[in-house]
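The structure appears below as structure tokens.
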Amino acid sequence: MKLILILTFLILLNSCGFKRISQNNNLFYLQKITIEGDKRISQILRNNILVVSNKKSVDKYELKLKIKKERRDKIKNISGKITRYTLVLNTNLSFKNIKNQKTITKSFSQNIDYEVEDIHSNTVRNEKKASKMLTEALSDKIINFINFSLKNK
């Protein structure tokens, strides 16, 4: 009984035209990537974005990113000592089709909080972890934006 129900569900799901939204069809090739800003963040973004670039694609694009990393005080205790910081990544994206020179621009902003520890090296480690998490989230947003903008030409 359960097997029949599962098979029926799979057949219906398959025939209904269901497609994953984030399905990567690799519709583009990034011929040139220019990134200004923090070098560590730039390298991670470059690597994550190049994964979805397809050299066999007909459409060739140029990508420019300007990254601004900012650390802000979030919470202070009674004595005025900072106990939590907010790390903010602001990014301006310019995505240009090389054939027709059509440019798409977009701004992204991500932020995350991290704790200040008693030992400074632990605070630095917390900041690095927060920076890496922000960069991964930002690269996902950029890839999704590029894929959706190309599908909706």
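Read the figures in this text as sums done on the coordinates, not as results from a lab. Note that the coordinates shown come from a computational prediction; the quantities given were computed from them, not determined experimentally. Cβ: placed from backbone, ideal geometry, glycine included. Neighbour counts: every protein chain shown.
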Next item on the list: Using a 10 angstrom cutoff on alpha carbons, build the Gaussian network for the chain and name the most mobile of 131, 79, 42.
Entry: 79
Notebook entry, point to check: Are there trypsin sites (Lys or Arg not before Pro) in region 58-122 that DSSP marks as loop and that have at most 14 other Cβ atoms within 10 Å, and which are they?
Noted result: 81, 99, 102
Notebook entry, point to check: Cross-link partners among aspartates and glutamates for residue 32, C-alpha distance below 16 Å, same-chain residues fewer than 8 apart left out?
Noted result: 59, 62
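Can you give the helix-only mean residue ellipticity at 222 nm for the chain, where every DSSP H stretch with n ≥ 4 adds -39500 (n - 2.57) and the sum goes over all residues, rounded to the nearest 500 deg cm²/dmol? If you can, show how the numbers build up before the last one.
Values: 3 runs with 58 residues, N = 153.
Result for the chain, helices only: -13000 deg cm²/dmol.
What is the sum of charges around residue 40, taking Lys and Arg as +1, Asp and Glu as -1, for the other residues whose C-beta is under 13 Å from the C-beta of residue 40?
Details: positive: 39, 46, 69, 128, 129, 132; negative: 38, 127, 136.
Net charge around residue 40: +3.
What's the local net charge at residue 29, with K and R +1, D and E -1, over the other residues with C-beta under 11 Å away?
Computed value for this residue: +2.
With N denoting the number of residues in region 2-151, provide Rg(C-alpha) divided by 2.2 N^0.38 Å, to two decimal places. Write out the running numbers ahead of the final one.
Working: Rg = 20.8 Å, N = 150, 2.2 N^0.38 = 14.8 Å.
Against the compact-globule rule of thumb, the ratio is 1.41.
Give me the percent of DSSP beta bridges within the chain that run antiparallel, rounded to the nearest 5. Kindly include the intermediate steps, with their values, before the conclusion.
Numbers: 28 of 35 bridges.
So the antiparallel bridges amount to about 80 percent of the total.
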Checklist line | In degrees, nearest ten, helix 39-50 long axis to first principal axis of the chain (Cα) | finding: 10 degrees
